[in-house]
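The block underneath contains the structure these notes are about, expressed in structure tokens.
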Amino acid sequence: MPNIHNLQSNASALALWARRIGIVDAPTSLNIVNYADVAGNASGGLTTSGNTFYLCPLTLSTADGSLSMQLPVDPVISVSGSNSIAQRQVAQSTMRGTIKEFWNADDYKVDIKSVLIGEDPDELSQMLSTLRALLDRPEALLCVCPLLQEAFGISRLVVQSYQFPATKGLRNQQFSLSCLSDEAYTLIEEI
């Protein structure tokens, strides 16, 4: 097993390792960048080109702080967003298409891929137990991640689904999370 701390300081070695263990697909050209190196660009909009992935630490915790875990390997994070648009047909119109009305911005979809690496099978088992306990909570999780917070304003995630695929070796386990961003709403306003 490679020393993960050495890999995180060497982006090309990390790219090769990430492809080998399946954290990312194997495109012809993969660029992995430490988010801290480009964080100043986040306020003006994070720009990427093709196969650029950002390494960024991620900590997940419950709202009450009773359970927390910083992922031991900076994950590969992808974020996508969309808008809800109402489309209206105009009867007997000579114009082509529909009238579009912006309704609202949907939640961000956040996909997280990483690997847990333990010094021995018992440490890996403990990490898996902690992560599973977080993922099975019926509540939004607080996330501390500069990429999500600074570039997208995301500080809470709801886990839709998760996977723990078959992984080679006794001391590591790949995982992927499919999440939605969450915001705290006040549904009842006092008058």
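Summary of values
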read-out	value
Under 19 Å from the Cα of Lys113 - aspartates and glutamates, other chains or at least 8 residues apart	Asp25, Asp74, Asp136
Cα Rg over Rh - segment 56-181, Kirkwood	1.17
Least to most buried among Arg88, Arg96 (fewest other Cβ within 10 Å first)	Arg96, Arg88
Local electrostatic count at Ser176 - Lys and Arg +1, Asp and Glu -1, tallied over other residues with Cβ under 9 Å	0
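Every read-out reported here was derived from the displayed coordinates using simple, explicitly stated rules and does not represent laboratory data. Worth saying up front: this structure is predicted, and the values here are computed from it rather than measured. We place every Cβ from the backbone using ideal geometry, glycine too, and count neighbours over all the protein chains shown.
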